[in-house]
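Undergrad: Here you go, one structure.
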Amino acid sequence: MMTQKASHVLNHNLALHSGDYVKRYNAKPLNRVQNLVKRMELTKTTRVADFACGNGMLLQAIGDHFGSYDGIDFSQDFIDAANEWAERTGRRNYRFHCRDIREYCIQNSQVFDVAATLDFSEHIDNTLAIEIYSSIRTSIRPGGKLYLHTPNLDFIVERAKQVGIIPQFPEHIAVRNGPQTAHLLEEAGFARDAIKVEVIPHYNFLKFLHPLSNLPVIGKYLGARLWIEAQA
C-alpha cells in the first residue's frame with residue numbers, strides 16, 4: 001500500500017510532467033532524438049521498450065528500424081499526446097501504456113531487445129532510480145541493451161545550475177555525472193564491465209563546445225550530455 005508521503009510525491013511528480021510541460025515538450029525538435037537513434041543497434045525485428053516515453057518522440061525517430069515498440073509513461077497527458085502523434089503520422093507496430101514502469105516490467109520479464117530511457121534519469125532520485133532501472137533490467141532479454149541519455153553534471157552549465165548561478169529545471173532533481181550514473185546502474189544489477197559511458201555533444205547550439213571536451217583539465221566541463229549503453 002502506498003504511504004501518504006509516497007502518494008504526495010507521486011502526485012507532485014505527475015503535476016510536473018503534465019499539462020503545460022507536455023505542451024512545451026511537444027515543441028521540441030525531433031532531431032534531438034534522431035541523432036541518438038544513430039547510436040542504437042536496431043534491426044527490423046528489434047523489440048523496443050521506451051521507458052518514460054513522453055510524447056513518443058523515439059517512435060517517430062526510429063522510422064521502420066524495429067519489430068515492435070512499446071512506450072511506457074506515468075503521465076496520461078503524455079500518453080494522449082503520443083497516441084495522437086502516432087495516429088496522425090501513420091505509425092504502426094506500437095503500443096503506449098500509461099503505467100508505473102516497475103509494475104509494467106513485472107508483467108514483461110525478458111521481453112525486449114532494447115530498452116531506452118532518454119532524458120529520464122535526471123528526473124528521479126537515487127532510491128527510485130535504482131528500483132526502476134532494476135525493473136528495466138529484468139524486462140530486457142539476455143544480451144539485450146539499455147540505452148540511457150541524460151545531462152552531464154560535470155558540464156559547466158549544469159555546474160552553474162547546481163550552485164544557483166543559472167536556474168535549474170524543476171523536473172531535474174538528480175543530474176549526475178558519468179561515474180555516478182554508472183554506479184547507479186551497478187546498484188540496479190547491471191555488471192560494471194557491461195556498462196559503457198560516453199560523453200556526447202548537446203542537441204542545441206551548445207554542441208559547438210564539444211570539440212573542446214578533449215582539452216586537458218578543462219575539457220571535462222565542456223561535455224554536455226551522457227550516452228550510456230548497458231548490456232543485460
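Computed from the coordinates by the stated procedures, all read-outs in this text should not be read as laboratory data. Everything numeric here is computed off the predicted structure, so don't read it as measured data. Every residue, glycine as well, gets a Cβ built from its backbone with ideal geometry; the counts of neighbours run over all protein chains shown.
Undergrad: Taking residue 149, is it in contact (Cβ under 8 Å) with a residue 12 or more places away in the chain and assigned to a strand (DSSP E or B)? Before you say what the answer is, go through the steps one by one.
TA: On the way: in contact (Cβ under 8 Å) with a residue 12 or more places away in the chain: yes; assigned to a strand (DSSP E or B): yes.
The answer is yes for residue 149.
Undergrad: Further, regarding this structure: Considering 80, 70, 50, which residue is assigned to a strand (DSSP E or B), out of contact with any Leu (no Cβ under 8 Å at 6 or more places or on another chain) and surrounded by 12 or more Cβ atoms within 10 Å (Cβ to Cβ)?
TA: Step by step, each of 80, 70, 50 is checked, and only 70 is assigned to a strand (DSSP E or B), out of contact with any Leu (no Cβ under 8 Å at 6 or more places or on another chain) and surrounded by 12 or more Cβ atoms within 10 Å (Cβ to Cβ).
Undergrad: Let me ask something additional. Quickly run through the range 16-47 and pick out the residues that are among the β-branched types (Val, Ile, Thr) and either closer than 25 Å to residue 128 by Cβ or in a loop (DSSP other than H, G, I, E, B) (or both). First the steps, then the outcome.
TA: Start the filter on the range 16-47 by keeping residues that are among the β-branched types (Val, Ile, Thr), which leaves 22, 33, 37, 43, 45-46.
Once the filter is applied, which keeps residues that are among the β-branched types (Val, Ile, Thr) and either closer than 25 Å to residue 128 by Cβ or in a loop (DSSP other than H, G, I, E, B) (or both), the range 16-47 yields 22, 33, 43, 45, 46.
Undergrad: Please go through the range 159-188 and pick out each residue that is of a type outside the set (A, V, I, L, M), crowded, with 21+ Cβ neighbours inside 10 Å and out of contact with any Asp or Glu (no Cβ under 8 Å at 6 or more places or on another chain).
TA: Scanning the range 159-188 gives a single hit, 181.
Undergrad: From the residues in the range 83-99 that are out of contact with any strand residue (DSSP E or B) (no Cβ under 9 Å at 6 or more places or on another chain) and surrounded by 13 or more Cβ atoms within 10 Å (Cβ to Cβ), which one is farthest from residue 116 (Cα to Cα)?
TA: It comes out as 84.
Undergrad: Follow-up question, since we're still on this one. Using beta carbons and a limit of 6 Å, which pairs, at least six apart or on different chains, have the first residue in the range 163-180 and of a type in the set (A, V, I, L, M) and the second one surrounded by fewer than 13 Cβ atoms within 10 Å (Cβ to Cβ)?
TA: 174/125
Undergrad: Do we have any residue at all in the range 111-130 that's in a strand (DSSP E or B), touching a residue at least 12 places away in the same chain (Cβ under 8 Å) and on the phi > 0 side of the Ramachandran plot?
TA: Scanning the range 111-130 turns up no residue that is in a strand (DSSP E or B), touching a residue at least 12 places away in the same chain (Cβ under 8 Å) and on the phi > 0 side of the Ramachandran plot.
Undergrad: For the range 62-103, which residues satisfy the criterion of being within 14 Å of residue 50 (Cβ to Cβ) and of a type in the set (S, T, N, Q)?
TA: Of everything in the range 62-103, those that are within 14 Å of residue 50 (Cβ to Cβ) and of a type in the set (S, T, N, Q) turn out to be 68, 75, 83, 93.
Undergrad: With the requirement that a residue be assigned to a strand (DSSP E or B) and of a type in the set (Val, Ile, Thr), what does the range 198-230 give you?
TA: Passing the criteria: 199, 200, 228.
Undergrad: Right, another one. Give me the residue from the range 185-197 that is over 15 Å from the mean Cα position of the chain (by Cα) and part of a strand (DSSP E or B) and, out of that set, nearest to residue 34 (Cα to Cα).
TA: Ranking the qualifying residues of the range 185-197, first place goes to 196.
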